[in-house]
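These notes are about the structure you will find just below.
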Amino acid sequence: MGGTGFEKVPARERRRFEGISSRAYEHPADRSALVALRKLTGFDTVFKALSGLLPERSLRLLFLSDSVRVGETQFPHLYAMLRDACYVLDLEQVPQMYVQQDPKPNAMCIGLDEPIIVVTTALVELLDEEEMRAVVGHEVGHALSGHSVYRTVLLFLTNLALKVAWIPLGTVAITAIVTALREWFRKSELSADRAGLLVGQDVQASMRGLMKIAGGNHLHEMNVDSFLAQAEEYEASGDLRDSVLKILNMLPRTHPFTTVRAAELKKWSQSRDFQRIMDGHYPRRDEDKDASVSDSFRQSAAHYADSVRTSKDPLMKLVGDIAGGTADLGGKLRERFTGGSGAAGSAQGSAASGGAGATEQG
């Protein structure tokens with residue numbers, strides 16, 4: 001596994017977050033998407049069926065037989081990172097971790113009863129120590145948040161989509177549940193990225209890792225500021241048609257686009273919430289039972305409202321305009337899709353139709 005350069009990175013002290021609750025780093029969109037998922041018709045039926053029938057033991061045996069279990073004698077540097085990540089996030093039960101041969105860089109946290117972390121050989125070879133530390137922290141964040149259960153359901157539903165006739169639901173319902181699971185998991189990745197930053201406590205390493213996942217081991221050819229600018233350009237570019245295409249492109253994915261993840265993480269790293277956590281002010285697990293569900297809903301709603309208000313995406317700007325009552329929906333949609341704007345667009349439409357459109361209702 002040469003070429004990682006681990007020995008070149010000096011050891012350093014990192015802050016520990018004793019008793020930290022996953023609420024400290026969970027993205028508001030993650031919580032909202034999970035609530036929406038649980039309310040989806042048929043989800044409880046599928047979840048209960050899979051929870052009882054998924055071969056949890058078989059899954060563990062598969063990794064034991066066909067992967068390398070990380071420990072004191074195998075990938076000891078990864079084992080040290082894993083234990084360190086669990087120490088920083090105060091996760092008492094250290095999950096089992098496996099390295100799996102795969103040419104695609106990837107990592108995941110799965111399991112119903114106990115979480116299992118799996119990283120691919122390509123990822124191990126791609127990242128340096130601090131970048132890898134953020135990834136391990138990302139997966140430990142999934143474990144602390146309890147994401148592994150839903151990730152496992154998504155994994156099996158995706159891989160066995162053609163073999164789920166035994167579930168007492170139609171194909172349309174299964175497709176809806178898979179789509180909702182993917183939407184939730186994309187949002188959960190934003191939460192886990194934050195956990196990775198709390199573990200690594202090096203935002204530049206987190207940025208480098210995401211850049212490498214996007215563009216390979218060519219950091220000398222890449223620039224963080226330019227990479228982040230891509231996310232802004234992606235969000236702001238195009239018209240309403242492009243906004244719809246962005247949604248369609250995203251639906252089959254389990255992960256958000258890498259530039260978007262980097263931009264979200266950079267923004268959070270500069271926020272007051274992040275600084276408060278680093279200063280030792282954060283919600284704790286022993287307070288979870290007393291946490292207000294309504295407060296969580298309000299935070300999620302506020303996040304979405306702020307996202308719509310500040311977004312540069314044409315569709316989101318339109319939604320914000322309509323919510324603000326600045327124009328009627330029909331007129332706005334017509335202008336955006338036809339390229340017309342303001343009075344000029346209306347004048348052109350009236351001239352083309354001999355003035356008949358003057359009384360048209362949107």
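Have a look at T175, T152 and point out the one that is closer than 21 Å to E114 by Cα, among the β-branched types (V, I, T) and at pLDDT below 90.
T152
I'd like the full set of residues that are in contact with a helix residue (DSSP H, G or I) (Cβ under 7 Å, 6 or more places away or on another chain) and modelled with pLDDT of 85 or more, limited to the stretch 260-283.
Across the stretch 260-283, the qualifying residues are R261, A262, A263, E264, L265, K266, W268, S269, F274, I277, Y282, P283.
I'd like the full set of residues that are open to solvent by 20 Å² or more (accessible area, probe 1.4 Å) and among the β-branched types (V, I, T), limited to the stretch 186-238.
Matches in the stretch 186-238: V203, I213, V224.
Do we find that Y79 is among the aromatic types (F, W, Y) and open to solvent by 90 Å² or more (accessible area, probe 1.4 Å) in this structure?
Judged against the criteria, Y79 is not a match.
Can you tell me which residues in the stretch 210-228 are under 21 Å from S269 (Cα atoms) and either charged (D, E, K, R) or part of a helix (DSSP H, G or I) (or both)?
Within the stretch 210-228, L210, M211, K212, I213, A214, V224, D225, S226, F227, L228 meet the criteria.
How many residues does the stretch 10-48 hold that are surrounded by 15 or more Cβ atoms within 10 Å (Cβ to Cβ), modelled with pLDDT under 80 and within 23 Å of E131 (Cβ to Cβ)?
Residues that pass the stated criteria total 0.
What single numbered condition from (1) at pLDDT 95 or above; (2) within 17 Å of the chain's Cα centre (by Cα) fails to hold for A122?
Single failed check for A122: (2).
Does E72 fit the bill of being under 27 Å from the mean Cα position of the chain (by Cα), at pLDDT 70 or above and surrounded by fewer than 16 Cβ atoms within 10 Å (Cβ to Cβ)?
no
The values are calculated or read from the model by the stated rules, or taken from the named source; none is laboratory data. In this text, all values refer to a predicted model and were calculated from it rather than measured experimentally. Positions of Cβ are generated from backbone atoms using ideal geometry, with glycine treated the same way; all protein chains shown enter the neighbour counts. Side chains included, ligands, DNA and RNA excluded: accessible areas come from the protein's heavy atoms. Shrake-Rupley method; radii C 1.70, N 1.55, O 1.52, S 1.80 Å.
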